[in-house]
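Novice: Before we start, here is the structure in question, set down as structure tokens.
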Amino acid sequence: MDHPRPAGRIDRQRPKALACRRAAALGRLLVIAAALALRAPALASGLSGAWRMDEPKDSGVVLHTIIILRQSGVATEATVMPNCAVEIPVRDVRVEGGDLVFAIADWGWSFRVRPEGADLRVILSYDRGKTEVVRIAKPATAADMQLPAAAAPPALRELPANGLAATPPMGWNSWNHFSEAVDDRVIRETADAMVASGMAAAGYTYVNIDDTWELGRDAQGSIVANRKFPDMRALAAYVHGRGLKLGIYSSPGPATCGGYEGSYGHEEQDARTYAAWGIDYLKYDWCSASRVYPPAQVRAVYQRMGSALQACGRPIVYSLCEYGMGDVWTWGPAAGANLWRTTGDIQDNWDSMCANGFSQDRLARYAAPGHWNDPDMLEVGNGGMSPAEYRTHFSLWCMLAAPLIAGNDLRAMSRDTREILTNREAIAVDQDPLGRQGSVISRRGGVEIWTKAMSGGARALAVFNRNADDREVSLAWSDIGMASKPSALRDLWRHADLVAAGRGYSGRVPGHGVTLLLVR
């Protein structure tokens, strides 16, 4: 997943800039609090303290959220530790009718709290108000608040390349669409759909389980899946039988972003378990590692699992999810990684997609076969953007030589979604064996022109119109480093050969749209 998860169903639309995965600052052990003076009538005194709110899940796991309150006169400070993964500040602390009311606005969570004896009655609204639950929070114990013993990270060294991901990985991940609703059946049906839809034939290979699969550890310390995944080995065999590969998710912290069991202190053991199950891909999400490691140790922490994977006896693609912490692109390969997140979590809207994708130009030199910049998963087909915007999204990721990890429901794709995700001519730009990431050559008036060097001397040329209205765009061949007109010009979305004009290219690009060309 990409983030700490709520005690209820997580709103995948929220920005998670405040969550542990988005900021190295959350790696501090001190509690971060947001305080506002309360102008409303005073709440009952004696509310300073910490309470634990339990959330039993259908999977058999019980998640815990800590609420910390501090009163000083008429002012109250509050901190929430969702799923015991990270401390985050609340917003808009106020009193309404005897209740203390606050919100984590960027998550879409809001709280209404009032004392009931020694406990707190908590009305939690999540999914941006779509769901509301009532919980009783009990006083937290010292054990609830205690962090695990600190583990010394390994000495830094450069791990050898694992020989995987010669081109950007292609596949699917459960989080963006299914969130915590993923289970064995969803994974099997998704594998079937990947084959039936033509996605497997177009190059998609990995079917990746994100967070919420974990139960805990057995008496020997081995990680155990919860009841949603009764037999991981059998599931891997099924996915492999479809000609595909299976991916899984964990965290270097004690808990995942969703509050499930992390790999802290069990890195080598977990890597061996993944290998025994038949796992082919690991997404490793920082999350609660911020509570036990300072940000300066991020490379060593990821190196530890990279080394464990290389020793587990099975080739496993290693995907770092650390939101760009510590300039990961400068050390990701040395930690054994095949890809690394360069941004916070994407959301299924135009602004979020643009923020993640168009910011990648400065990182082009760090991409190469086996080592890729990752601006997060694809949102194509999830419904928050138009077909034209999704074509722009997909084209930009292809120009970036980014991993193409779909995040929609493959079992119920529209024709537009299927055609975008299986556009083999666009995919060939992403998967070109030269392994170069594209870069911008012009930004003017909301129009960006990008080029990408391709094998055999070809170039991909993308004209992105970030404006809402259509724009006429012209460029000279010399603008992309060509001394004369190309011998061949092809439109990769229209699947049509074009006649190259003598001096350059001219065309109309729709609002929020793209023209993607192959130039030879």
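Just so you know, all these numbers are worked out from the coordinates, no wet-lab data involved. Because the structure is a prediction, the values reported are computed rather than measured. Please note: Cβ atoms are built from the backbone with ideal geometry, for glycine as well, and neighbour counts cover all protein chains shown.
Novice: Against the longest alpha carbon principal axis of the chain, how many degrees, from 0 to 90 and to the nearest 10, is the axis of helix 267-277 turned?
Specialist: 60
Novice: Given the Cα-Cα distance of residue 220 and residue 158 and 0.36 nm per residue of separation, how much length would full extension add, in nm?
Specialist: Extra length available between residue 220 and residue 158 comes to 19.2 nm.
Novice: If you don't mind, there's one more thing I want to ask. Could you put 444, 503 in order, starting from the residue whose Cβ has the fewest other Cβ atoms within 10 Å?
Specialist: Placing the least packed residue first, the sequence is 444, 503.
Novice: Hey, rough spin-label estimate for residue 355 and residue 96, points 7 angstrom out along Cα→Cβ, what's it come to in nanometres?
Specialist: 2.5
Novice: Can you grab the distance from the C-alpha centre of the range 408-455 to the C-alpha centre of the range 243-271, Å, no decimals?
Specialist: About 31 Å separates the Cα centre of the range 408-455 from the one of the range 243-271.
Novice: Let me ask something else about it. What length, rounded to one decimal in nm, is gained on full extension from residue 508 through to residue 105, with 0.36 nm per residue of separation minus their alpha-carbon distance? Write out the running numbers ahead of the final one.
Specialist: Working: separation 403, 0.36 × 403 = 145.08 nm, distance 3.96 nm.
Length gained between residue 508 and residue 105: 141.1 nm.
Novice: For the range 355-395 and the range 152-224, write down the distance between their C-alpha centroids in whole Å.
Specialist: So the separation of the two Cα centres works out to 19 Å.
Novice: Right, next: Mind ranking 162-170, 341-349 by how tightly packed they are, going by the mean number of other C-beta atoms within 10 angstrom, highest first?
Specialist: 341-349, 162-170
Novice: Additional query: Ranked by Cβ crowding within 10 angstrom, fewest neighbours first, how are 183, 374 ordered?
Specialist: The most exposed by this proxy come first: 183, 374.
Novice: Given R₀ = 25 Å, what would the calculated FRET efficiency be for residue 414 paired with residue 166, taking r from the Cβ atoms and rounding to 0.05?
Specialist: Using R0 = 25 Å, I get an efficiency of 0.20.
Novice: How long is the gain from residue 119 to residue 227 if the chain were fully straight, where each residue apart is worth 0.36 nm and the alpha carbon distance is subtracted?
Specialist: Difference between extended and current length: 35.8 nm.
Novice: Treat the count of other C-beta atoms within 10 Å as a stand-in for reagent exposure and order 55, 379, 261 from fewest to most.
Specialist: Arranged by neighbour count, lowest to highest, 55, 379, 261 become 55, 261, 379.
Novice: If you take the beta carbon distance between residue 136 and residue 441 as r and set R0 to 35 Å, what does 1/(1 + (r/R0)^6) give as a FRET efficiency, to the nearest 0.05?
Specialist: It comes out at approximately 0.05.
Novice: With viscosity set to 0.692 mPa s and temperature to 37 °C, compute the Stokes-Einstein D of the chain, Rh being the Kirkwood radius across alpha carbon pairs; µm²/s, no decimals.
Specialist: Answer from the Stokes-Einstein relation: 136 µm²/s.
Novice: Continuing with the same structure: Considering only the other residues whose Cβ falls under 13 Å of the Cβ of residue 368, what net charge follows from Lys and Arg at +1 and Asp and Glu at -1?
Specialist: Local charge sum for residue 368: +1.
Novice: Then there is this: Search the structure for amide H atoms under 5 Å from the amide H of residue 317, placed 1.01 Å from N in the peptide plane, and list their residues when 5 or more places away or on another chain.
Specialist: 281, 282
Novice: In addition: What does the charge count around residue 413 come to, taking other residues whose C-beta lies under 14 Å from its C-beta (Lys +1, Arg +1, Asp -1, Glu -1)?
Specialist: Once positives and negatives cancel, what remains is -3.
Novice: Restricted to Cα positions, what overall size does the range 439-519 have along the principal axes? Three whole-Å values, descending.
Specialist: 35, 24, 23
Novice: Right, here's the next one. How far apart, in nm, are two points set 7 Å out from the Cα along the Cα-to-Cβ line at residue 487 and at residue 455?
Specialist: 1.9
Novice: Follow-up. Lys and Arg at +1, Asp and Glu at -1: add these up for the other residues within a Cβ distance under 10 Å of residue 236 and post the number.
Specialist: Computed value for this residue: 0.
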